[in-house]
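Below you'll find the structure, written out as structure tokens, and then a few comments.
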Amino acid sequence: MKEIFREIKKQPTINRIDHLNFPAHIHDDIELVFVEKGGGEAYCDGKKYTLTENSFFLAFPNQVHYYNNCVSGQYVLIIMKPSALLSYNGVFEDGIPCSALYQASPKDDSSIYALVEILIGDLEKHGYSSIIAAYLTALFGKLLSKYQIDKMQTSHKTLLQVLQYCAAHYKEPITIESIAKSLHISRSTISHIFSSRLSINFCDYINSLRLLEAEQLLKNKNYSITEISYKCGFSTIRTFNRAFLKRYGISPSEYRNS
């Protein structure tokens, strides 16, 4: 079972990397991968996609996604807020793609390839700028025309409601029952979201949010490990240690010392 965590990024990142090895995660950003060499598997909202050379994988905000066997290749990874694409922001607010994958053609999509190269080159030379923002808008303008975007279904909106509530309250004694009561959603609907849509146990998901917070706090030695445990919402230090060891393979104290 894959653990899912919420990743938070503040500014656009564009990187050329040799592997994609991220656990299942969600965030409020757009995530775009272009496969220059190699391939692998990508998953988005429970659907599996095969990545090959010249393919694009696009995850909209708040879609659960992760990668598998994407090693020894060359990938361009772009992560950015929808608000950076003013012309297309509404697309990401109200829609969701039927498929996350687009297989590009060197013959028909040469302008898309050129924009990717320009983005990488200019970013390495000059850093992020308004020019980069303009190129990103042009790139997504061309790419979005290749995707079929459907109106977001009520079921997906409900999923987002639940995930947003979890993100806001994971430091509290949160339960499926407390979410159901606060959001006026049935307990069975919430259970279905975690078991079928996210394929993760509810407690494991909440712990993944708490552990992501704990990982950052452990870098600050002003807090004891016990303080961090309670700050992140764990009821006991024993529960925190067990959950941390399960995810990272080492104890919180070992993580801090390393």
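Points worth noting:
- 20 Å Cα-Cα reach of K221 towards aspartates and glutamates, excluding residues that sit fewer than 8 places from it in its own chain: E213, E254
- Working note: 222 nm ellipticity from helices only, DSSP H runs with n ≥ 4, each -39,500 (n - 2.57), summed and divided by the residues of the chain, gives -13000 deg cm²/dmol to the nearest 500.
- Treating each Cα of the range 154-257 as one equal point scatterer and applying the Debye formula with no solvent, the log10 of I(q)/I(0) at q = 0.10, 0.11, 0.12, 0.17 Å⁻¹ comes out as -0.31, -0.37, -0.43, -0.77.
- Sparse-neighbourhood loop sites, trypsin sites (Lys or Arg not before Pro) in the range 9-114 - DSSP loop, at most 13 other Cβ within 10 angstrom: K9, K10, K107
- Positive-end extreme of charge dipole, the range 212-254 - chosen from T226, Q216, N241 (charges on Cβ): N241
- Proximal lysines relative to K107, as straight alpha-carbon distance under 24 Å, when same-chain residues fewer than 8 apart are discounted: K37, K142, K146
- Normalised contact order of the range 105-258, rounded percent, pairs of Cα under 8 Å and 6 or more residues apart: 15 percent
- With all pairs of separate Cα atoms included, the range 98-158 yields a Kirkwood hydrodynamic radius of 13.5 Å.
- Hits among aspartates and glutamates - C-alpha to C-alpha of K157 under 16 Å, sequence gap 8 or more where chains match: D28, D45, E93, D94
Here, each number is a calculation from the coordinates, and none is a lab measurement. Treat the numbers as computed from the prediction; the structure is a model and nothing was measured. No Cβ is skipped: glycine too gets one built from the backbone with ideal geometry, and neighbour counts run over all protein chains shown.
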